[in-house]
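The values are calculated or read from the model by the stated rules, or taken from the named source; none is laboratory data. What you see is a predicted model, and the numbers here were worked out from it, not measured in a lab. Cβ: placed from backbone, ideal geometry, glycine included. Neighbour counts: every protein chain shown. With ligands, DNA and RNA removed, areas are computed over all heavy atoms of the protein, side chains included. Shrake-Rupley method; radii C 1.70, N 1.55, O 1.52, S 1.80 Å.
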Amino acid sequence: MSKKIQTKQSAPTRAESGPPQAVSSAATSTPARPPSSDGTARATDSTEPIQESNIGAIVKEAKATSLTRQLTPDALKLDVAHHQLAVNASEQSMIPLGAPNKQLFFRVASALSMLVCLLDWKADGFSYLLTQTVQRAISEADVKFVKLYVWVDRRDNVGVWAVGVPYSDGTNYDAWKSGHKVCERAKTEWVKKRWNRQMGVYDIVTLHPSVEAPKPNFPELTMEEVVERVFEGRIIDSVDHPIIRELQGLM
Amino acid sequence: MLNLEGYKQIWLVDFEFGAPEGHPPAPRCVVAREFHSGEERRVWLDVDQPPRCPPYPVDASSLFIAFSAQAELSCHLTLGWPLPVRIIDLFPEFCRMTNVHRVKHGRSLLHALRHFGLDAMDSEKKDWFRDLALRGGPYSETERSELMAYCAEDVRALAVLLPKMLPYLDGGRSLLRGHYSRAVAAINVTGVPVDARFAWMWNKHRTELRQHVLRERDQDGFHDPSGTFRYDKAAAAIRATGRVWPRTKGTRRYSLAKDVLKSLSEGHAPLERLYELRRLLAAATGSDFVVGPDARVRAPVWPYSTVTGRNQTNKRPQLFGLPSWMRGAIAPAPGHTLAYIDWGQQEFGIAAVLSGDNAMLSTYQSDDPYVAFGIEARLLPEGASKQSHPKVRAQLKACALGVLYGKTAHGLSQDLDITHHEAQQLLRAHRRAYPTFWEWIEGVVTFADIQGYALSRLGWRLRPGPEFNERTFRNYPMQANAAEMMRLAAGHAHDRGVRVCAIVHDAFLIEVPSVAIDTAVADMRSAMNEASTYLLDGVTLKTDVDLIDDTSRMLNDEQRETWEWVYAKLEELEQQATGQ
């Protein structure tokens, strides 16, 4: 290996005198006028092209004044936020049925929820929404009752989370109960859900108090419109529907 | 927003130049336009004695504006002109505006013009003129005037682009970003000195060398006599280590990607040999060394070309992107010494300071941060050292660095060849030892998610794309601020007159006459210290130095063995070729 000299400097420390002080205010948003005292920059009349005789002076000035230091006053450093991001309004063409991503914070629209009956059809992997007439015609064991919650994340993605509700025999699960709690909490603040494998429930992760939470952009839709978008082409409103007939062994 | 009123004049400047590979740029002409008055100055430069000063003022009362200013400033240096003092480079400003993770956005001047709905020259026409500039002289009168007219068109494009971009400029931070192009120009013009004989022999004999590599370096028989790679043998060797060889996503074949082989090979001698062999073969089948007449490799640095604001380099002639033993080709000019100065555990230090985790900062400041982490996490006893616990230290190092990249237990277990549970234990130990850091990093990710962007301390911004990738934003403060620190240090070094040949991730390669090496190293370290002290509010990060003189190379023992074998083999091939 090449020669190694002084492999480490003395242990780093916080400088007692703090960071280097700016020499000029030229780097702030209002650039300064050129130096008016004995700066060699003055030797060049900036309204004219540079003269050959002044090159040496300019180079000398550049070296002497440490330009980078001039351009780095303390005020230049940012703490956290500096810009607000403007986004264009957009409309989501489809609304997926599914829980929010576990990594993302989300809010739930308090005015948008609905109790419905779903049929998970294993043959195609889709969930179908059953109208009341249809659900009465088939066994409760073939369907599930859920509450639909409309959620949005910070990128204004909209989704619908179907959280199970107890069966008529009272069967209920902790996962469902905790899912409802997460959604209720998300009606008032930004939350993330985190699956607690040991306990079999969702934990609620909330924002740090120091974060200024923005307002959620809920879709300007009624719950019926949301349901139509979620279950487009997958609403079963007749017992003659092929899936129902197959379920009843008629096909 | 940048206030232009403080400047007497604002000059929009564009050069046309030839860029023969390995050479500094050869300026053909320059056109400059004063923003307010519209006055235009054109100078033809492809003459025996070009003017010795620019046709516009460059002192602090004037503002110099260009797109990818390092190219213009490289021309300044080639011509011996002084560099402008106040610079706005619209390239990084446009990159910053359109910096969205995993959303590709064209970044040329044409893209910028189209982005704002401005008329742009069609790219075919632009290519034609670029080729004309690259072709070199002699130029006819018509060609000269056409090339200058084209150059003037680009300058007029800058004049219409500037008012559109002005609201997006970031005040002093934009000036600071522009200022970095001075240092980049100097680095691009300087280049890295190399062993010219090696480069010449390499270019001449590398195809034949490949055959020798297969015959003499493949002791484990991973290739058959015709040179075909034996996947079955490699798969068997990997299976013997108990690891799984990942397949490519598309073709589902075993992956021969560099990173995959490197990760599989760690700690297993035959696979390490296979990895080195593949790298050697890849280099031999790759490209020629492009060396300038002054025995220097010039791999242009493209600043701000990654989402984190780090530089990107053209890999082909870039020595630092080649197998590590090829760094042996780096050799100082006679009477000179090279110094390779890097920050020690820079990202770890930045994380410790920005998170405000005092325990992590103490760990960073210790002689061996990874051993200190082990002691802090009670995984190592008091008094442990690198020598007493090498294996545990390696695991602690991988964990401490992996955490900065959002490494999961699964990833860590793969990297270290340990169980998932052991990896979990390591991560939990880190979380226990540095709770403030973990709280901070969660906040960083949350901020990016909620606010829709992340910022470095000097304003380099990244916005999430359609899909939010948590790990990118987890690592962003370290990467983006390390990039800021490198830029600041490069600026300070340039101000101090240090001759920097290359920027390599977290290191600078400088070259100076041997008699002045101590002063130059001190200047460079002082520039780096000033940068880290400024950015980290008073904390100075550690720096390490390696010296390379006539008698030494940038190689460790393993790299040296390969380097010496290749060099000897090339000499042998050359002797055979010349019949000596």
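Taking 35 Å as R0, compute the FRET efficiency from the Cβ-Cβ separation of residue B:220 and residue B:405 and round it to 0.05.
Details: r = 32 Å, r/R0 = 0.91.
With R0 = 35 Å, the Cβ-Cβ based efficiency is 0.65.
Each residue of segment A:184-190 was assigned a 3J(HN,Hα) from its phi angle through the Karplus curve 6.51 cos²θ - 1.76 cosθ + 1.60 (θ = phi - 60°); the sequence is 4, 5, 5, 6, 10, 8, 6 Hz, with glycine and proline shown as x.
Among B:377-384, B:279-286, what's the highest-first ranking by average C-beta atoms within 10 angstrom per residue? Before the final figure, lay out the partial values.
Details: B:377-384: 14.2, B:279-286: 17.1.
By packing density, highest mean first, the sequence is B:279-286, B:377-384.
Considering every Cα-Cα pair within segment B:1-127, what fraction, in whole percent, is farther apart than 24 Å? When every Cα pair of segment B:1-127 is considered, 35 percent fall beyond 24 Å.
Listed cross-link partners B:397/B:542; B:204/B:569; A:193/B:249; A:192/B:104; A:102/B:249 are compared with a 19 Å cut-off, the Cα-Cα value being larger for A:193/B:249; A:192/B:104; A:102/B:249.
Protection proxy ranking for B:161-167, B:120-126, B:75-81, using the average of other Cβ atoms within 10 Å per residue and placing the highest first: B:75-81, B:161-167, B:120-126. Site pair residue A:235 and residue A:165 shows an inter-label distance of 1.8 nm when each label is modelled 7 Å from Cα along Cα→Cβ. Couplings for segment B:9-24, taken from phi via the Karplus curve 6.51 cos²θ - 1.76 cosθ + 1.60 with θ = phi - 60°, read 9, 10, 10, 9, 10, 9, 10, 10, 8, x, 9, x, 4, x, 9, x Hz in order; Gly and Pro are left as x.
Peptide B:7-13 is shielded by partner chain Cβ atoms: per residue, an average of 2 of them sit within 10 Å of its Cβ.
Quick one: go through segment B:20-49 and flag any residue whose amide nitrogen is under 14 Å from the point 7 Å out along the Cα-to-Cβ line of residue B:134. Only B:20-23, B:26 pass the distance filter. The convex hull defined by the C-alpha atoms of the protein assembly as shown has an orientation-averaged projected area of 44.3 nm².
Once backbone amide H atoms are built at 1.01 Å from N, residue B:18 has B:26, B:28 as its partners under 5 Å, excluding neighbours fewer than 5 places away on the same chain.
Leaving ligands, DNA and RNA out of it, report the carbon-plus-sulfur percent of the accessible area of the protein assembly as shown at a 1.4 Å probe. Mind showing how you got there, number by number?
Working: 18710 of 37550 Å².
Carbon and sulfur together cover 50 percent of it.
For a quick check of your reading of the filter: which GluC sites (Glu not before Pro) in segment A:152-251 sit in a DSSP loop and have no more than 16 other Cβ atoms within 10 Å? Don't skip to the answer; put the middle values down first.
Details: sites: A:184, A:189, A:212, A:220, A:224, A:225, A:228, A:232, A:246; in loops: A:189, A:212, A:220, A:232.
Passing sites in segment A:152-251 are A:189, A:212, A:220, A:232.
Evaluating 6.51 cos²θ - 1.76 cosθ + 1.60 at θ = phi - 60° for every residue in segment B:275-287, the Karplus couplings come out as 4, 5, 4, 4, 5, 5, 5, 4, 5, 5, 8, x, 9 Hz, glycine and proline recorded as x. Taking the C-alpha atoms only, the angle from helix B:172-190 to the longest principal axis of chain B is near 80 degrees.
So what is the diffusion coefficient of segment B:399-503 in µm² per second by Stokes-Einstein at 4 °C and 1.567 mPa s, using a Kirkwood Rh over Cα pairs?
On the way: Rh = 15.8 Å.
Rounded, D is 82 µm²/s.
Per residue of chain B, the DSSP helices (runs of n ≥ 4 H) give a summed -39500 (n - 2.57) that works out to -16000 deg cm²/dmol at 222 nm. The stretch between residue B:210 and residue B:259, if pulled fully straight at 0.36 nm per residue, gains 15.4 nm over its current Cα-Cα span. Computed from the C-beta positions of residue B:200 and residue B:166 and an R0 of 35 Å, the FRET efficiency is 0.10 to the nearest 0.05.
Of the trypsin sites (Lys or Arg not before Pro) in segment A:86-185, the ones in a loop by DSSP (not H, G, I, E or B) with at most 14 other beta carbons within 10 Å are A:102, A:122. Annotation: amide H-H contacts under 5 Å for residue B:539 (H modelled 1.01 Å from N, sequence separation of 5 or more, or interchain): A:15.
Among the residues of B:459-472, the average count of other protein chain beta-carbon atoms within 10 Å of the residue beta-carbon is 2.
For the peptides B:445-452, B:547-554, residues were scored by their other Cβ atoms within 10 Å and the scores averaged per peptide; the highest-first order is B:445-452, B:547-554.
Take each residue of peptide B:490-500, count the partner chain Cβ atoms within 10 Å of its Cβ, and average: the result is 3. Here, segment A:106-247 yields an orientationally averaged convex hull projection of 10.0 nm² when only Cα atoms define the hull. Taking every Cα-Cα distance in chain B and sorting them into 20 Å bins starting at zero, the pair-distance distribution P(r) comes out as 18, 49, 31, 3 percent.
Assuming 0.36 nm per residue, please report the length gained on full extension of the stretch residue B:550 to residue B:121 beyond their Cα-Cα distance.
Fully extending the segment from residue B:550 to residue B:121 adds 149.4 nm.
Loop-located trypsin sites (Lys or Arg not before Pro) in segment B:237-270 (DSSP state not H, G, I, E or B) with no more than 11 neighbouring Cβ atoms inside 10 Å: B:249, B:252, B:253.
Spacing of the modelled spin labels on residue A:194 and residue B:391, each 7 Å from Cα toward Cβ, amounts to 3.2 nm.
Using a Förster distance of 45 Å, how high is the FRET efficiency between residue B:285 and residue A:177, based on the Cβ-Cβ distance and rounded to 0.05? E between residue B:285 and residue A:177, to the nearest 0.05, is 0.10.
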